[in-house]
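Asks: I'd like to ask some things about the structure below.
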Amino acid sequence: MLSVFQKNKKWSEKKSVKDVRLNALFFIIFGILCIVAVRFGILMIWSHSFYEQLANGFQEVSAQLFPTRGNVYIQDSRTKEEFPIAMNRDVFLVYVNPKEIKEYSVRKKTDVEELTLNMTKYLSEVFGFNEEEQSSLQAKLQKYNDPYEPLKKQVEEKIIEEIRQRDYPGVYFLRQSIRYYPEENLGAHIVGFVGKDETGEDIGRYGIEGYWQEELAGVSGFFEGIKSAKGSWIPLGGKKLEESKDGVDLLLTIDRTLEFSACGILKKAVDLYEAEDGSVVIMDPYTGAIRAMCSFPDFDPNNYGQVTEGGVYNNKSIFTAYEPGSIFKPITMAASLNEKVITPQSVFYDSGEREVGCLHPIRNAENKIYKDQSMSGLLENSVNTGMVWVAEQIGKNTFRQYIEDFGFGVKEGIELDTESSGTIDTLYKQESDNMDCYASTAAFGQGITVTPLQVVTAFSAIANGGTLMKPQIIEEIRYSDGVVESVEPKEVRRVISKHTADMVSAMMVNVVDKGHAALAAVPGYYIAGKTGTAQIAERGIYIEETNHSFVGIIPADNPRFVMMVKLGKPKNGKYSSGTSSAVFGDIAQFILQYYGIPPSRAI
């Protein structure tokens with residue numbers, strides 16, 4: 001039997017062990033609590049922003065809101081009916097998950113090779129694939145470990161519905177919006193196209209699409225909000241919404257029927273005369289409104305990537321400057337008549353050549369000699385030497401000022417991309433007011449360059465009584481909030497008096513009636529115009545090839561339109577009197593009938 005002492009000692013030992021264990025447990029618990037506290041501190045202080053962003057990644061929803069690109073319309077300028085020339089259209093991307101084809105075949109216990117073969121035949125038929133494309137399609141369908149293979153872009157919805165009815169496994173459709181040009185080549189150089197920038201975003205190129213890119217594209221919006229675990233919005237969680245703003249719609253001044261007919265006649269002429277290119281511009285002289293404008297060669301904006309030479313995108317009516325030749329002579333005549341240093345009855349004696357400080361004397365075409373000529377006769381016979389004399393009467397500086405006032409040497413400011421200014425720099429090479437070689441050749445359209453748009457704008461000033469108008473291609477700007485802004489005609493400056501304009505116009509009627517432009521005439525109407533067969537300068541010398549131009553007023557006694565026709569380097573036809581003049585006459589006849597303009601002279 002244990003003594004009391006022994007019992008106390010044993011109890012004390014047990015208590016000591018128990019205390020050690022309690023102390024150890026206490027320290028363990030205390031350590032854990034310290035670790036937890038430190039961890040909470042780290043989470044709540046040092047890593048707070050990280051975990052906040054992590055939580056937001058699960059709770060916050062944000063998205064960019066994309067605007068709708070604006071439409072572009074042309075019109076029937078008689079009835080004001082409108083037609084879209086650039087718009088948005090929904091199409092589909094067709095893609096396939098080949099893994100699902102394999103899984104379907106296993107599940108249905110069918111031959112997967114036979115299934116993919118049937119799918120290949122059917123899809124190739126509806127897509128219009130050739131043998132090479134069909135082989136590529138079959139290879140894609142047989143990639144049974146691949147979850148995604150694109151098959152065809154820009155597929156029409158009616159074809160999608162046909163494919164859906166087949167209920168093929170693994171075939172899916174993604175709706176996409178693309179830019180669409182329902183008139184195809186018609187007005188291609190006016191409207192341009194929508195391509196991709198270096199980031200893959202849509203961006204307008206050339207024409208209206210390029211010049212008006214920012215306005216047509218609109219402004220992107222943004223949405224940000226917080227949702228619960230179940231996906232519902234948390235009202236007090238905060239929500240930001242900046243709505244997108246759709247792009248503007250534009251109504252052009254272009255008349256659809258006139259554009260179609262005039263450009264069709266021009267295209268036939270380019271082919272007939274085997275010209276490298278051709279351009280036509282038709283303007284309302286009182287408003288500056290462009291009713292038709294086109295160039296060849298052209299392109300289909302829906303398939304702009306098929307163009308092999310980038311220069312085709314440029315609108316030659318506003319981009320390609322060239323030496324105009326004799327169509328510039330009425331400008332020279334208008335300047336001297338307006339300064340009253342000559343009259344229509346003034347007489348110039350043509351000896352066949354004129355020394356003006358050039359390497360060679362100025363001569364007439366084919367070295368002709370015309371002897372005594374009135375001012376009207378100088379235009380009718382297109383006398384180079386006579387036009388030098390006309391410019392000499394006012395001096396180089398005044399002559400240069402009129403050229404500038406008529407809008408040459410600067411951009412006209414038309415709302416289309418890639419406009420060129422041409423150049424009249426040669427007129428600044430010498431300080432003296434004395435006529436030099438450069439000013440003398442400019443008097444009959446050599447040594448300076450112009451665009452067809454500049455020519456038609458300058459001659460519109462003659463047609464309307466002397467006022468230069470800014471060319472106008474936009475009639476209305478329609479904003480997404482319903483506001484419509486009408487673009488009013490803009491006068492740039494008065495260049496010549498109405499009396500001078502009337503005299504020059506009458507002289508150009510004689511050019512058509514008595515001169516070299518008989519093919520531009522339309523029976524029953526007074527047509528004023530001027531031919532131009534201009535040599536082409538390359539590498540500092542004039543080559544044998546020429547540019548053929550004709551500019552005229554329709555009709556001269558009640559001007560409704562001014563038209564410029566240009567054919568570049570035609571192989572068939574020596575002079576513009578037999579080429580561009582004929583094109584002008586054909587288009588003029590259509591214009592007079594289309595707008596119902598009554599005849600004013602006996603046939």
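Readers should treat all values here as calculations from the given coordinates under stated rules, not as data from a laboratory. Quick caveat, the model's predicted, so the values are computed rather than measured. Heads up, the Cβs are rebuilt from the backbone with ideal geometry, glycines too, and the neighbour counts pull from every protein chain shown.
Asks: If you average the sequence gap of Cα pairs under 8 Å that are 6 or more apart and divide by the length of the chain, what percent do you get for the contact order?
Replies: That works out to 14 percent.
Asks: Shifting gears a bit: Can you compute the charge dipole magnitude of the chain about its Cα centre, using +1 on each Lys and Arg Cβ and -1 on each Asp and Glu Cβ, nothing else charged? Give it in debye, rounded to the nearest 20. Kindly include the intermediate steps, with their values, before the conclusion.
Replies: On the way: 64 positive and 80 negative charges, 633 e Å.
With Lys and Arg at +1 and Asp and Glu at -1, about 3040 debye.
Asks: Search the structure for amide H atoms under 5 Å from the amide H of ASP298, placed 1.01 Å from N in the peptide plane, and list their residues when 5 or more places away or on another chain.
Replies: Correct list: empty.
Asks: Using 1/(1 + (r/R0)^6) with R0 = 30 angstrom and r between the beta carbons of GLU404 and TYR595, what's the FRET efficiency to the nearest 0.05?
Replies: Approximately 0.35, to the nearest 0.05.
Asks: List ARG560, ARG179, ARG78 from most exposed to least, where exposure is judged by having the fewest other Cβ atoms within 10 Å.
Replies: ARG78, ARG560, ARG179
Asks: Once phi is turned into ³J(HN,Hα) by the Karplus curve 6.51 cos²θ - 1.76 cosθ + 1.60 with θ = phi - 60°, what whole-Hz value does each residue of the stretch 370-387 show in order, with x for glycine and proline?
Replies: In residue order, the calculated couplings are 10, 6, 5, 9, 6, 5, 5, x, 4, 6, 4, 9, 6, 8, 4, 4, x, 5 Hz.
Asks: Could you grab the relative contact order for the stretch 475-583? Cα pairs under 8 Å, six or more apart, rounded to a whole percent.
Replies: RCO, the stretch 475-583: 20 percent.
Asks: Which of HIS499, HIS360, HIS516 comes first, and how do the rest follow, when ranked by fewest Cβ neighbours within 10 Å?
Replies: HIS360, HIS499, HIS516
Asks: Quick check: the angle from helix 396-405's long axis to the longest principal axis of the chain, C-alpha only, nearest 10 degrees?
Replies: Value to nearest ten degrees: 50.
Asks: Going toward the positive end of the dipole of the chain, with +1 on Lys and Arg Cβ and -1 on Asp and Glu Cβ, which of VAL487, PHE590, PHE92 do you reach last?
Replies: PHE92
Asks: Could you put VAL347, VAL512 in order, starting from the residue whose Cβ has the fewest other Cβ atoms within 10 Å?
Replies: Details: VAL347 13, VAL512 29.
Least to most surrounded, the residues fall as VAL347, VAL512.
Asks: Follow-up. Fully extended, how many nm does the chain gain between ASN118 and ASP481 (0.36 nm per residue separation, minus their Cα-Cα distance)?
Replies: Values: separation 363, 0.36 × 363 = 130.68 nm, distance 5.12 nm.
Value of the extension gain: 125.6 nm.
Asks: If I model a spin label as a point 7 Å beyond the Cα along the Cα-Cβ vector, how far apart are those points for ARG493 and THR308 in nm?
Replies: It is 4.7 nm.
Asks: Still on this structure, I have one more. What's the magnitude of the charge dipole for the stretch 229-376 around its Cα centre, counting Lys and Arg as +1 and Asp and Glu as -1 at the beta-carbon? Answer in Debye, nearest 20.
Replies: 480
Asks: Quick one: Karplus J couplings for the stretch 168-177, per residue in order, coefficients 6.51, -1.76, 1.60, θ = phi - 60°, nearest Hz, x for Gly and Pro?
Replies: My calculation for the stretch 168-177 gives 6, x, x, 9, 10, 9, 10, 6, 9, 9 Hz in order.
Asks: In degrees, nearest 10, range 0 to 90: what is the angle between the Cα axis of helix 112-127 and the longest Cα principal axis of the chain?
Replies: It works out to around 30 degrees.
Asks: Sticking with this one: What does the charge dipole of the stretch 371-493 about its Cα centre add up to, to the nearest 20 debye, if the Cβ of each Lys and Arg holds +1 and the Cβ of each Asp and Glu holds -1?
Replies: Rounded to the nearest 20 debye, it is 400 debye.
Asks: Shape call for the chain from the C-alpha gyration tensor, a ≥ b ≥ c root eigenvalues: rounded (a/c under 1.5), prolate (a/b greater than b/c) or oblate?
Replies: Taking the square roots of the gyration eigenvalues as a ≥ b ≥ c, the chain is prolate.
Asks: For a label point 7 angstrom out from the Cα of ARG164 toward its Cβ, which stretches of the stretch 117-156 have the backbone nitrogen within less than 15 Å?
Replies: In the stretch 117-156, the label zone of ARG164 (backbone N under 15 Å from the point 7 Å along Cα→Cβ) covers 155-156.
Asks: Name the residue from GLN213, SER497, SER77 whose Cα lies farthest towards the positive end of the charge dipole of the chain, charges +1 on Cβ of Lys and Arg and -1 on Cβ of Asp and Glu.
Replies: GLN213
Asks: So what are the ³J(HN,Hα) numbers for the stretch 540-555, from phi and the Karplus equation (6.51, -1.76, 1.60; θ = phi - 60°), rounded to whole Hz, Gly and Pro as x?
Replies: Per residue, the Karplus-derived 3J(HN,Hα) values read x, 10, 8, 9, 6, 5, 9, 9, 10, 9, 8, 10, x, 10, 10, x Hz.
Asks: Near the amide H of THR418, under 5 Å away, which other amide H atoms are found, from residues 5 or more places off or on another chain, if H is placed in the peptide plane?
Replies: none
Asks: Right, next: As an exercise, identify the GluC sites (Glu not before Pro) in the stretch 137-202 lying in DSSP coil whose Cβ has no more than 11 other Cβ atoms within 10 Å.
Replies: Taking the stretch 137-202 and a limit of 11 other Cβ atoms within 10 Å, the loop GluC sites (Glu not before Pro) found are GLU198, GLU201.
Asks: With everything on Cα atoms, drop me the angle between helix 48-59 and the longest principal axis of the chain, reported from 0 to 90° to the nearest 10.
Replies: On a 0 to 90 degree scale, this one is about 70.
Asks: If amide hydrogens are placed 1.01 Å from N in the peptide plane, which non-local residues have theirs closer than 5 Å to the one on VAL341?
Replies: For VAL341, whose amide H was placed from the backbone, there are no distant partners under 5 Å.
Asks: Starting from the 7 Å offset along Cα-to-Cβ, what nm value, one decimal, do you get for the label separation of GLN154 and ASP502?
Replies: 5.6
Asks: Going by the alpha-carbon gyration tensor, a ≥ b ≥ c the square roots of its eigenvalues, is the stretch 474-538 rounded (a/c under 1.5) or, if a/c is not under 1.5, prolate (a/b greater than b/c) versus oblate? Intermediate results must be reported in sequence, preceding the final value.
Replies: Values: a/c = 2.31, a/b = 2.05, b/c = 1.13.
Prolate shape, in that a/c is at least 1.5 and a/b is the bigger ratio.
Asks: With a/c under 1.5 counting as rounded, go ahead and sort the stretch 90-135 into rounded, prolate or oblate using the C-alpha gyration tensor (a ≥ b ≥ c being the square roots of the eigenvalues; past the cut-off, prolate if a/b is larger than b/c, else oblate).
Replies: Oblate, because a/c is 1.5 or more while a/b does not exceed b/c.
Asks: Moving on. Which of the listed residues, PHE260, PHE459, ILE414, is farthest toward the dipole's positive end in the chain, when Lys, Arg count +1 and Asp, Glu count -1 at the beta-carbon?
Replies: The Cα lying farthest towards the positive end belongs to ILE414.
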